[in-house]
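Notes to accompany the following structure.
Throughout, read-outs are computed from the coordinates displayed, never taken from laboratory work. Worth saying up front: this structure is predicted, and the values here are computed from it rather than measured. All Cβ positions, glycine included, derive from the backbone under ideal geometry; neighbour counts span all protein chains shown.
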Amino acid sequence: MKIRFFIAFLILPAFALNGQMEVRTGIELTPDHFQQDGVPRGELKGPFSFHSRIIEGTVRQYWIFVPAQYQASKPASLLVFQDGNRATNPQGSIRAPQVMENLIAKGEMPVTIGIFITPGNRSDIYPDSLGSRNPNNRAQEYDMMDDRYARFIVDEMLPEVSKHYNLTDDPNQRAIGGSSSGAIAAFTVAWHRPDVFRKVYSGIGSYVSIGFRPDETPIKLGGQDYPALIRREPIRPIRIFIQDGIYDLSNRWGDWFLANQQMVSAMKYANEEANKNSNSGARYEVTTVWTDGVHSDKHPGALLPEGLKWLWADPK
């Protein structure tokens, strides 16, 4: 009996909530993750330090990617990415500035300013010793479901960057993304402010029950509550690329892969109900890529070019 149970557990992730799913294998970095001959070089500026008034007592770093094609006379599209220290690492798994440089040159995404932001650290000065490790206020920012992080992005970071760059006001030309808790943070910003962001890149999203205040008291809502909210609340006009690995985490916070499937199922349900009721309003636009990956940046990073191209492609 033990052997049978163990085998069933191993093959279980290969099945979706409703039938069998396609699981992509062999995920690796693409040519778009590397410098290409003849591609105009953009510029990655930073890191800059920023002290937030909305998230009091924190300091963070951010970087700005300016593509070679940017012209101050023309509003640029926007990509905001969480965990900016990882997203901008030229030897890392994501390499977002390099991906943007190549896609913009090929016309596969518009001329886009990138803003890459770390979570806050509860200190006066951002620690030089952190490297790629998480600042100590990450969970309190990324895994919360209230609108505080959205207000920080919209009311503080965007005005700060807009002092120097001409950013579009069109929410359909603004994307926000991240991996793990950075993914749920990105979704939360779009959830609260679809008037500002309507494109989301979500990799290995932590749509589970993480969420404690600094004093360890639990929050009222956690990521596991999103599927229920999506089913009940008015549809947000969000276009979202969702990736997760079938061997993502399963621990006391929840089952990450199941949670991602529940998010997709909830958005499908909301769309179907809107269609039944002849509602001519908003719909969720969702595409998924399930991989044979674990909880790491490897697959979300490798799929970033595909995700950004899909996010900016004309809806069918």
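Panel note: the C-alpha atoms of the range 119-205, placed on their principal axes, show extents of 38, 31, 21 Å (largest first). If you model the chain as an ellipsoid using its alpha carbon gyration tensor, with each semi-axis the square root of five times an eigenvalue, the axes come out at 29, 23, 21 Å, biggest first. Note on the chain: GNM, Cα springs under 10 Å; of Asn85, Asn279, Asn136, the largest mean-square fluctuation is that of Asn279.
Residues considered: Lys268, Lys199, Lys106. Largest GNM mean-square fluctuation over the chain, using C-alpha springs under 10 Å, is found at Lys106.
For the range 168-316, the tally of Lys pairs with Cα-Cα distances below 24 Å comes to 9, considering only residues 8 or more apart or on different chains. Loop-resident chymotrypsin sites (Phe, Trp or Tyr not before Pro) (DSSP state other than H, G, I, E or B) in the range 47-101 with no more than 16 further Cβ atoms inside 10 Å of their Cβ are absent. Taking every DSSP bridge with both residues inside the chain, close to 35 percent are antiparallel.
Counting each DSSP H run of 4 or more residues in the chain as -39500 (n - 2.57), what helix-only mean residue ellipticity at 222 nm follows after dividing by all residues, to the nearest 500 deg cm²/dmol? Provide the component values of the computation, followed by the final result.
Numbers: 11 runs with 92 residues, N = 316.
Result for the chain, helices only: -8000 deg cm²/dmol.
Relative contact order of the range 174-273: 28 percent, from C-alpha pairs under 8 Å at least 6 residues apart in sequence.
In percent, rounded to a whole number, the relative contact order of the chain is 19, using alpha-carbon pairs under 8 Å and six or more apart.
Between the helical axis of 256-276 and the dominant principal axis of the chain, each derived from Cα atoms, what acute angle in degrees is found, rounded to the nearest 10? Between the helix axis and the principal axis of the chain, the angle is about 90 degrees.
A straight Cα-to-Cα reach below 19 Å connects Lys106 with the aspartates and glutamates Asp32, Asp37, Glu43, Glu306, Asp314, residues fewer than 8 places away in its own chain not being considered.
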